[in-house]
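Data first, discussion second: the structure below is written as structure tokens.
Any read-out appearing in this document is the output of simple, stated calculations on the displayed coordinates, not a laboratory observation. Owing to the predicted nature of the structure, the values given are computational and were not obtained by experimental measurement. Because the Cβ atoms are built from the backbone with ideal geometry, glycine has one as well, and the counts that use them run over all protein chains shown.
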Amino acid sequence: MKRKKAYFIDAGYVVREGKTYVTLLLKGRKTVKLYYQQDPYFLVEGPVERADEFLNIETQRKNGELTSPKDVKIVEKQVGLEKKRFIKVMCRIPADVPVIRQAIPFPCYEYSIPFARRFIYDMQISPFDIITYEREGRFIRKILKIQSKEAPKLKILAFDIETYNPVGAPREHKDPIIMISYAGDKKGVISCKKSKNRFVETVKDEKQMLERFVEIVKQENPDVLVGYNSATFDLPYLKARSDVLGIKLDLGRFRGHLREMKKGLIKGFEIKGRIHFDIYPIARLFGFIGVIKVQKYTLDAVAEDVLGKKKIDVKKEEIWKLWDSGDIDKLAEYSLVDSELTKALGERFLPLEVEMSSVAKMPLFQTSLSTSGQLVESLLMFHACRRKMIIPRRPAGESVFERINAPIQGAFVKLPEPGIYENMAVLDFRGLYPSIIVSYNIDPGTLVEDGEAVHLSPTNAKFSEKETGLIPEVLDYLVDMRSKIKGELKELDKESEEYIRISARSQALKILSNSFYGYLGYARSRWYSRPCAESVTAWGRKHINETIEKAEKQGFQVLYADTDSVFLIYREKNDVLKFMNDINNELPEKMELELEGFYPRGVFVSKKGEEKGAKKKYALLAEDGRIKIRGFELVRRDWSKVAKQTQKQVLEAILIDGSKEKAVKIIREMIQEISSGKVPLEMLAISTQLNKNPGSYEVKSPELSAAKKMIKAGMTAEKGSMISYVVGKKGTTISEKAEPIELAKDYDPEYYISHQILPAVMKIMKELGYDEYSMRHGGKQQSLDSFF
DNA sequence: GCCGTAGGACTACCA
DNA sequence: ACTGGTAGTCCTACGGCG
């Protein structure tokens, strides 16, 4: 028997002659697919001594065939703090698990774990580990050794298709694909029209174009096929056209097949033997967790934000015109740039996804379609398996509903006193919630009714100290690993591959660690625990409030606090450092208060129409001259550029120049400019996302009305669309006046002055003693002592 | 029927 | 389809007034 070594890339399974085999995609000198026989199973909490009787159970598969358990075993598993014996029911094929389980009148566990992932958890392998195995033909007889090493270099090929559709959206059965571009080691465009561009390869017809594309994929033989929105557009379209033209779209390795699938709410398109990597859902997740910040999730917007590069400007409606004109040079270039941008985004996001996959123990393709909650869940399942703990079941529908309807109390936010301040220090708790979970051993399994040596939470929940809980243990490991890695990072050249990989790992660890608290309080979580989640936030509130009290006792003025941060006014920087030290000496070992920064100047504003300060809204001038802005309209995408730009300039005038006169001048000039009617419409557009389909709204709104106008004009506006509209002159209500930017002809100056510019700047100018009238009409400053 | 406003729907932000 | 806390806009329903 041959002994071999290779990177473990992906797992799937096949059923052959009634037996189940895990398929392993392995990357060594060559990339191979090998088989490993393993039976699916689930666990039963029932009469262990009569386990053999389970073998007599006979039940029907979906197709009517009869089946029964293949074998039963007795296994010991931990439940909470005790050990219990379970019956392990071995099945013949994965599809038997749900049917046999339903025939068993006892509580069952671990019956809804995808088989390939079950293999990863049982073998304790991470994606991209190196395994040593004994091979006999196409079969793995034994897996001998598992080593974690850096992930292998994965080869990428990006692609993009263009379709011919003179009306509306392309129709698969009718509208042909006119171009396919790709970018890997080689790049190019395949088309059936001629172009002067060297990179365009001309073929006879659409059928040849598809065949040529398949050929190129085979030649390049990428590990990862990258597209943008390719799971819901390019690949299904390619598949449909192939069917129409009667050819096989053989994009996979080893006669791999294609399959549309769904993971949660996210659609995927599986290419067996390769990893299909759709940038779109990944960009959505990264937007959600704050890795990137974009206005909308188009290739153009994401590429600009992430790479600082834009697409070639060709509108979707123009594609068929360019094609018909016969001169396809520009179109080919456009298509190629799309593939190149997609490739660059793939290269940018792949390292992070690879690390997330390896940390969370979830194959890369599935990782790319996962939410952070699913990744945390996978990681916990892996370690529960290692610790021989029973994996909790997913909650039933009713309990999900109950959980959603009983939210837990969250963080504390201190009300700021509006004003302009100098010499501020911001301190924050590093990884507050993770450090609380670790310090107090918060876990559903360590929760006890009473007993000695317990951590008593402010909500009176008790957590045993006897054994480290699953969640605190895993979290501590992640946090520890991250701090080690951060040390290594300092030694490395920022341009090196090593640095990119390790910083991706650090980021993956951070994302995962920060998701644990949310996961504890997530209604669909397997490890949901109300007392645990409540205790985390309660301890958080306790720590931040105690910090505020102690700061005040030491004579600091505490301006503001939110969740894990405090804003102080100081006289000497040393006082702050000393205070921080004092606090840290009293904190549990894993918790730490850090200096976020010193800020020479900062501004807090009041809530609209009230004297009270506004929370989550402030601007700080850092020592290096940069301005840190939170919550203001200028960081929101649903305000017009004019308003945001004016507000930004006003804040800069006040914080950097310390000149309110300059601020006044900026505002007056902008009001003038708007009144003149000369402001370009794109400066006035307000962008809002539709989170529902246009038909399902209860109330009218400007964005909805604009969306309806778009639909009427033949454009698409649906759930998820970003609607950009300008408030025009025609109509009475704002909704009536709202025109989609694509159709807008004019704008209403009065609206922009009193609904955009003034609300955005008045909350700041009010702190300087100006009122709205004086801003509009050039009156004098009102009372109040001058600040500067 | 008009006016002003409280409250709800909705979005996007902070941590 | 990870959590809760928060500001703010626009619309709508409602009550007071005449």
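With each label modelled as a point 7 angstrom along the Cα→C-beta vector, the A:GLU669-A:ARG626 pair spans 2.7 nm. Taking the Cα centre of chain A as origin and assigning +1 to Lys and Arg Cβ atoms and -1 to Asp and Glu Cβ atoms, the resulting dipole is close to 2320 debye. Spatially, segment A:334-373 and segment A:470-531 are offset by 18 Å when compared through their Cα centroids.
Both numbers refer to the Cα atoms of segment A:364-434; Rg and Dmax are 20.1, 57 Å. Take every Cα pair under 8 Å whose residues are at least 6 apart in sequence, average their separation, divide by the length of segment A:2-121, and the relative contact order is 26 percent.
Computed over the Cα atoms of chain A, the ratio of the radius of gyration to the Kirkwood radius (Rg/Rh) comes to 1.00.
On a straight-distance basis, which lysines could pair with A:LYS462 in a cross-link, Cα separation under 22 angstrom, same-chain partners fewer than 8 positions away excluded? The reachable lysines, counting only those whose Cα sits under 22 Å from A:LYS462, are A:LYS83, A:LYS542, A:LYS590. Hey, which aspartates and glutamates would be in cross-link range of A:LYS660, C-alpha to C-alpha under 19 Å, not counting anything within fewer than 8 residues on its own chain? The reachable aspartates and glutamates, counting only those whose Cα sits under 19 Å from A:LYS660, are A:GLU422, A:GLU652, A:GLU669, A:GLU767, A:ASP771, A:GLU772, A:ASP785.
If packing is taken as the average number of other Cβ atoms within 10 Å across a peptide's residues, how do A:90-103, A:677-690 rank, most packed first? Write out the running numbers ahead of the final one.
Values: A:90-103: 18.8, A:677-690: 16.7.
The packing order, highest mean first, is A:90-103, A:677-690.
Taken one residue at a time, the phi angles of segment A:269-277 give Karplus couplings (6.51, -1.76, 1.60, θ = phi - 60°) of 9, 8, 10, 4, x, 10, 10, 7, 10 Hz. Gly and Pro are set to x. Note on A:ASP480/A:LYS573: beta-carbon distance plugged into 1/(1 + (r/R0)^6) with R0 of 51 Å gives a FRET efficiency of 0.95.
Filter the cross-link list A:LYS84/A:LYS263; A:LYS343/A:LYS719; A:LYS174/A:LYS730; A:LYS648/A:LYS708; A:LYS142/A:LYS494 down to pairs whose alpha-carbon distance in this structure exceeds 30 Å. All intermediate terms of the calculation are to be shown ahead of the outcome.
Values: A:LYS84/A:LYS263 33 Å; A:LYS343/A:LYS719 28 Å; A:LYS174/A:LYS730 40 Å; A:LYS648/A:LYS708 32 Å; A:LYS142/A:LYS494 41 Å.
As for pairs spanning more than 30 Å Cα to Cα, those are A:LYS84/A:LYS263; A:LYS174/A:LYS730; A:LYS648/A:LYS708; A:LYS142/A:LYS494.
Pairwise Cα separations in segment A:471-606 fall into 5 Å bins from 0 onward with the following percentages, short to long: 2, 8, 14, 15, 15, 15, 15, 11, 4, 1.
So what's the back-of-envelope 222 nm ellipticity for chain A, counting only DSSP H runs of four-plus at -39500 (n - 2.57) apiece and dividing by all residues, rounded to 500? Theoretical 222 nm ellipticity from helices: -11000 deg cm²/dmol.
Cα-Cα pairs above 19 Å in segment A:664-774: how many percent? The partial results should precede the final answer.
Details: 3002 of 6105 pairs.
The proportion of pairs with Cα distances above 19 Å equals 49 percent.
For A:ILE627, the residues whose modelled amide H falls within less than 5 Å of its own, excluding neighbours fewer than 5 places apart on the same chain, are A:ALA622. Look at the Cα gyration tensor of segment A:637-714: its axes a ≥ b ≥ c give a/c of at least 1.5 with a/b over b/c, and that counts as prolate.
Among the trypsin sites (Lys or Arg not before Pro) in segment A:470-508, those placed in a DSSP loop whose Cβ has at most 10 other Cβ atoms within 10 Å are A:LYS494.
Packing, taken as the mean count of other beta carbons within 10 Å per residue, orders the peptides A:225-234, A:542-551, A:284-293 from highest to lowest as A:225-234, A:542-551, A:284-293.
Dipole of segment A:421-535 computed with +1 at Lys/Arg Cβ and -1 at Asp/Glu Cβ about the Cα centre; of A:ALA533, A:GLY487, A:TYR477, farthest Cα towards the positive end is A:ALA533.
Determine the shape class of segment A:572-705: with a ≥ b ≥ c the square roots of the Cα gyration tensor eigenvalues, call it rounded for a/c under 1.5, and otherwise prolate if a/b is greater than b/c, oblate otherwise.
Working: a/c = 3.06, a/b = 1.53, b/c = 2.00.
It comes out oblate by the Cα gyration axes.
Distance from the Cα centroid of segment A:556-617 to that of segment A:428-459 is 25 Å (rounded to whole angstrom).
One quarter of the convex hull surface, Cα atoms only: what value does that give for segment A:186-318 in nm²? Numbers along the way, then the final one.
Details: hull surface 39.4 nm².
So the Cα hull casts an average projection of 9.9 nm².
What base-10 log of the normalised intensity I(q)/I(0) is obtained for segment A:45-119 from the Debye formula, alpha carbons as equal point scatterers, at q = 0.13, 0.15, 0.25 Å⁻¹? The calculated log intensity ratios at q = 0.13, 0.15, 0.25 Å⁻¹ are -0.39, -0.52, -1.29. Cross-linked pairs A:LYS149/A:LYS186; A:LYS5/A:LYS510; A:LYS27/A:LYS153; A:LYS149/A:LYS262: Cα-Cα separations exceed 20 Å for A:LYS149/A:LYS186; A:LYS5/A:LYS510; A:LYS149/A:LYS262.
In debye to the nearest 20, how big a dipole does segment A:125-230 give about its Cα centre with +1 on each Lys and Arg Cβ and -1 on each Asp and Glu Cβ? Working shown, then result.
Details: 20 positive and 16 negative charges, 55 e Å.
Around 260 debye, computed over segment A:125-230.
A Förster radius of 45 Å, combined with the Cβ-Cβ distance separating A:LYS5 from A:GLU736, puts the computed FRET efficiency at roughly 0.05.
Close amide H pairs (under 5 Å, H built 1.01 Å from N) link A:GLY46 with A:ILE87, residues at least 5 positions away or on another chain. Put the Cα centre of segment A:683-708 next to the Cα centre of segment A:147-162 and the gap is 39 Å. Under Stokes-Einstein, with the Kirkwood radius over Cα pairs as Rh, the value for segment A:442-547 at 10 °C and 1.306 mPa s is 101 µm²/s.
I need the Kirkwood Rh of segment A:121-210: take the reciprocal of the average 1/r across all distinct C-alpha pairs and report it in angstrom. Walk me through the numbers before you get to the answer.
Values: mean 1/r = 0.0573 Å⁻¹.
Radius from the Kirkwood sum: 17.5 Å.
For chain A, what relative contact order do you get, as a whole percent, if you take Cα pairs closer than 8 Å and at least 6 residues apart? Before the final figure, lay out each step's value.
Values: 1461 pairs, mean separation 69.7, N = 788.
Here the relative contact order equals 9 percent.
Taking 32 Å as the limit for the C-alpha separation, the pairs A:LYS361/A:LYS466; A:LYS388/A:LYS490; A:LYS193/A:LYS248 exceed it in the case of A:LYS388/A:LYS490.
A simple spin-label model places the labels of A:GLU589 and A:TYR697 5.6 nm from each other, with each point 7 Å out along Cα-to-Cβ.
If packing is taken as the average number of other Cβ atoms within 10 Å across a peptide's residues, how do A:129-141, A:514-526, A:652-664, A:163-175 rank, most packed first? Intermediate values should be presented prior to the final figure.
Working: A:129-141: 16.0, A:514-526: 20.4, A:652-664: 17.6, A:163-175: 13.8.
Peptide ranking by packing, descending: A:514-526, A:652-664, A:129-141, A:163-175.
With a ≥ b ≥ c the root eigenvalues of the C-alpha gyration tensor of segment A:260-401, is it rounded (a/c under 1.5), prolate (a/b larger than b/c) or oblate? Here segment A:260-401 falls in the prolate category. When the GluC sites (Glu not before Pro) in segment A:373-452 are filtered for DSSP coil states and for at most 14 other beta-carbon atoms within 10 Å of their beta-carbon, the remaining sites are A:GLU449, A:GLU452. Per-residue 3J(HN,Hα) values for segment A:703-718, derived from phi via the Karplus relation 6.51 cos²θ - 1.76 cosθ + 1.60 with θ = phi - 60°, read 5, 5, 4, 5, 4, 5, 5, 5, 4, 4, 7, x, 8, 9, 8, 9 Hz in sequence order (x marks Gly and Pro). At full extension, A:LYS155 and A:ASN221 could sit 23.0 nm farther apart than now, given 0.36 nm per residue minus the alpha carbon distance. Dividing the mean sequence gap of close Cα pairs (under 8 Å, 6+ apart) by how many residues segment A:394-549 holds gives a relative contact order of 33 percent. For segment A:436-444, 3J(HN,Hα) computed residue by residue from phi via the Karplus equation (6.51, -1.76, 1.60; θ = phi - 60°) reads 5, 4, 6, 4, 9, 6, 7, 6, x Hz, glycine and proline entered as x.
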